[in-house]
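Before any comments, here is the structure.
The values are calculated or read from the model by the stated rules, or taken from the named source; none is laboratory data. These numbers were taken from a predicted model, which means no experiment stands behind them. As a convention, Cβ positions derive from the backbone with ideal geometry for all residues, glycine included, and neighbour counts pool all protein chains shown. Only protein heavy atoms, including side chains, enter the accessible area calculation; ligands, DNA and RNA are left aside. Shrake-Rupley method; radii C 1.70, N 1.55, O 1.52, S 1.80 Å.
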Amino acid sequence: MNSKSQLMQYIYIIIGASIVGVTYNVFLLPAKLAAGGISGVSTILNEVYQLSPALTQFTINVPIFIIGWIAMGKDFGVKTLLGTFWVPFIIYLTEDIPFTVTNPLLGAIYGGIILGVGLGIVYKGNGSTGGTAAIAQIVKRFTGISSGYSQLIVDGVVVITSIVVFSFELTLFALMAIFISSKAIDFVQLRTAATKLILIITDEEEKIQTIISNELDRGLTKVRSVGGYSNQDKTMILCVTEQPEAVELKKTLQKETPNAFVIFINASEILGRGFSIDKYYGQKL
C-alpha cells in the first residue's frame, strides 16, 4: 500500500473517531442510552458511580487493544491504537458541550445514525475505535459476518445487561440505537456510489455493444448463454454504470432493442477502472 493510501486511512480513522466521540456526548450519554460496547459500560458506570466516561473507556480499552493487536496483526493494531486513544480524547474535550439531546427517542435515532456513520468511516480506514468495536472486527475477520451485524451482536450483550441500571424503556431505545447504527455502518462501507449492474440477455449483441461503448463510454462483459424456454443461443451482457447512465441506457434499449431482456441491479460498491480509479490509463479526456 502506498503512503498516500496509508495516510488516507489514518485520516478516515481520525475523522470517524471524532464523530463517535462527539456523538457520545451529544446524544448517548445525556439520553442515558447504553448503546453497547465500552461506551455503554462507561454510561452505566457514570450513572452508578459518576465515573468519567473518557477515563473509563481508556482504562478498559487497554487490555482489549492488546488482544486486538495479537489477533489482527501489527497494521490493525497501530490503527486501533489511534482510535482507542482518540475517542476518549474527543469525549474528554467535548464533555461540557452545550448542545445535548436528552430525549431518548431522538437520541436513539440521530445518535444511532451519526454513530454508525462515524464507525463506518473508521472501518473504511481499516481501523477500530477500540473496545467491542475491535472485537466486532475480529468476529468479522474470522466469521465473514458484516461489520454492522458483528457490532450488533457484540453490543447487544452490553445493552441487555444495562436493564439492571436503567429502565426497560431506555434499554429498548438503546437497542434501537444499536440497530440503526449497524445499518449506517454497512451503508457507509458498501453504498459508496449510486451504481447499477445491468444484465442484458439478447441476440443483438453487436448493436447493444455499440450503444454501450459509443453512447455511455463504458466497458462490458459478454457471456454466452442458452435460453431456457427457446433453447436458442443468446448473449448475456454485463455492464456497470452510474445511475444517470443507467436511466439513459434504459430509454435507448427500449427504443432500439425492445425485445432484449434487461435487469437493473443495485451495486453496493464498484472497484476498478472507471469507478474507484480513473476510466482511462492516462489523463482523463
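Some values worked out for this structure:
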| read-out | value |
| --- | --- |
| Derived scalar couplings ³J(HN,Hα) [region 85-99; Karplus, 6.51 cos²θ - 1.76 cosθ + 1.60; whole Hz; x for Gly, Pro] | 7, 6, 4, x, 5, 5, 4, 5, 5, 10, 5, 9, 4, x, 9 |
| Within straight-line cross-link reach of Lys251, aspartates and glutamates at Cα separation under 15 Å, skipping those fewer than 8 residues along the same chain | Glu215, Glu242 |
| 19 Å tail of the calculated P(r), region 1-101, as % of Cα pairs | 45 |
| Kirkwood Rh and Cα Rg combined as Rg over Rh, evaluated for region 150-239 | 1.39 |
| Under the Karplus curve 6.51 cos²θ - 1.76 cosθ + 1.60, θ = phi - 60°, whole-Hz ³J(HN,Hα) for region 232-241, x wherever Gly or Pro sits | 9, 5, 10, 10, 9, 9, 10, 8, 10, 9 |
| Extension gain from Asn259 to Leu271, taking 0.36 nm per residue of separation minus the Cα-Cα distance | 1.2 nm |
| In sequence order, calculated HN-Hα J values of region 212-226 (Karplus, 6.51, -1.76, 1.60; Hz; x Gly/Pro) | 5, 6, 7, 8, 9, 6, 10, x, 7, 10, 10, 10, 6, 8, 10 |
| Relative contact order (%) - criterion: Cα under 8 Å, at least six apart; region: the chain | 20 |
| q = 0.09, 0.11, 0.15, 0.16 Å⁻¹, the chain: log10 I(q)/I(0) [Debye, one scatterer per Cα] | -0.56, -0.72, -1.00, -1.09 |
| Spatially proximal aspartates and glutamates relative to Lys183 (Cα-Cα < 16 Å; intrachain offsets below 8 disregarded) | Asp155, Glu269 |
| With Cα atoms, 0 to 90° folded angle of helix 168-190 axis to the chain main axis | 40 |
| Förster radius 22 Å - calculated FRET efficiency between Ser225 and Lys250, Cβ distance, rounded to 0.05 | 0.55 |
| For Lys234, distant residues with modelled amide H under 5 Å away | Ser225, Val226, Gly227 |
| Accessible carbon and sulfur surface of the chain relative to its total accessible area, %, 1.4 Å | 63 |
| Residue-normalised accessible area of the chain, given per residue in Å² at a 1.4 Å probe | 53 |
